[in-house]
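Take a look at the structure set out below.
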Amino acid sequence: MSLPQLNEARYGRACLLVLNTCPMALRRIIDHHSSSKGFGDFEGLLNHPRNKHGLFHLSFRQCCCGHNTNYTPMRKQQWDLLYTKTNSKNPHGQQGQCPCMYSAIPGVASDVMDVTLCCLVLKNLCRGIKNADIDAITEMRNQLIHASSATLEDTAYNDLWKKVENAILSLAKNGDSTLETDTKAAVKEMEQRIMNPGDLRSMKDLISDQKSLDELREVRVLHILVLF
Ligand SMILES: [Zn+2]
Ligand SMILES: [Zn+2]
């Protein structure tokens, strides 16, 4: 195998690690948190008034509580994966949306979430989880998605792999009893994986989904800048 191919395979494995292996573990942490902290399940976690209110503030600029913000890291498309409108009228007689008009989508499961949404939910709804580990995964995700070329040379690859592996294994301690072992095995499997055409296709799909998410955000930021 020539060097460029090696570097492409490294980039592919790193992407699958961050965009596929990580969210599988993160969803299990969120599910475990939901059941062990008295929310019942993921839908219950989302419907808890404090959680729904918290996530609403990450997606909407105005709220019935009177606290308005321009910091809305959760895209409307992400909110719509979790919540549905159950009340078409604002119950306070105010203009605009408010959390009282929404409920979690009946039967919604954590597997609707990609790595980006998992990180947002973990950080904002699951207390007691180390933010630095979540941030490390977000940072590596951003590095890969916005890389100037779809390759990773040896040092950069090893550095990224170590950071992601440490973060996800540390986070896995917050999951169900077999999550740590399963995550270790999944990371190892990905490390030794020989990228096949199917892997490359799913890597490309995952990257293009993440890129369009970021483009939506850029369009929105631009829109806000134009408004003010
Ligand atoms: Zn509010
Ligand atoms: Zn309200």
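Determine, yes or no, whether Gln62 is open to solvent by less than 60 Å² (accessible area, probe 1.4 Å), on the phi < 0 side of the Ramachandran plot and not hydroxyl-bearing (Ser, Thr, Tyr). When the stated conditions are applied, Gln62 does not pass them.
Just for the range 121-148: of the residues that are of a type in the set (D, E, K, R) and open to solvent by less than 60 Å² (accessible area, probe 1.4 Å), which one is nearest to the chain's Cα centre (by Cα)?
Within the range 121-148, the match that is nearest to the chain's Cα centre (by Cα) is Arg141.
Specify which of the listed residues (Lys52, Lys85) is more than 24 Å from Ser202 (Cβ to Cβ) and crowded, with 18+ Cβ neighbours inside 10 Å.
Lys52
Residue count for the range 88-131, restricted to those that are assigned to a loop (DSSP other than H, G, I, E, B) and either among the β-branched types (Val, Ile, Thr) or away from ligand 1 (no atom under 16 Å from the Cβ) (or both): 15. Inside the range 55-71, can you point out the residues that are in a loop (DSSP other than H, G, I, E, B) and free of Cβ contacts under 8 Å to residues at least 40 places away in the same chain? The answer is Phe60, Arg61, Gln62, Cys63, Cys64, Cys65, Gly66, His67, Asn68, Thr69, Tyr71. Answer yes if at least one residue in the range 70-78 is within 16 Å of ligand 1 (Cβ to nearest atom) and open to solvent by 50 Å² or more (accessible area, probe 1.4 Å), and no otherwise. The answer is yes; a qualifying residue exists.
Taken over the range 166-177, the criterion of being open to solvent by 10 Å² or more (accessible area, probe 1.4 Å), over 14 Å from Glu139 (Cβ atoms) and assigned to a helix (DSSP H, G or I) is satisfied by Leu169, Ser170. Does Asp111 satisfy being surrounded by 14 or more Cβ atoms within 10 Å (Cβ to Cβ), acidic (Asp, Glu) and within 14 Å of Ala25 (Cβ to Cβ)? No, not satisfied.
Within the range 40-73, take every residue that is more than 16 Å from ligand 2 (Cβ to nearest atom) and at pLDDT below 95 and give me the one that is farthest from Leu125 (Cα to Cα). Checked the range 40-73; the qualifying residue farthest from Leu125 (Cα to Cα) is Asn70.
The values are calculated or read from the model by the stated rules, or taken from the named source; none is laboratory data. From a predicted model like this one, the values you see are computed outputs, not experimental measurements. Ideal geometry is used to build each Cβ from the backbone, glycine not excepted, and the neighbour counts take in all protein chains shown. The area values use the complete protein model at the heavy-atom level, side chains included, leaving out ligands, DNA and RNA. Shrake-Rupley method; radii C 1.70, N 1.55, O 1.52, S 1.80 Å.
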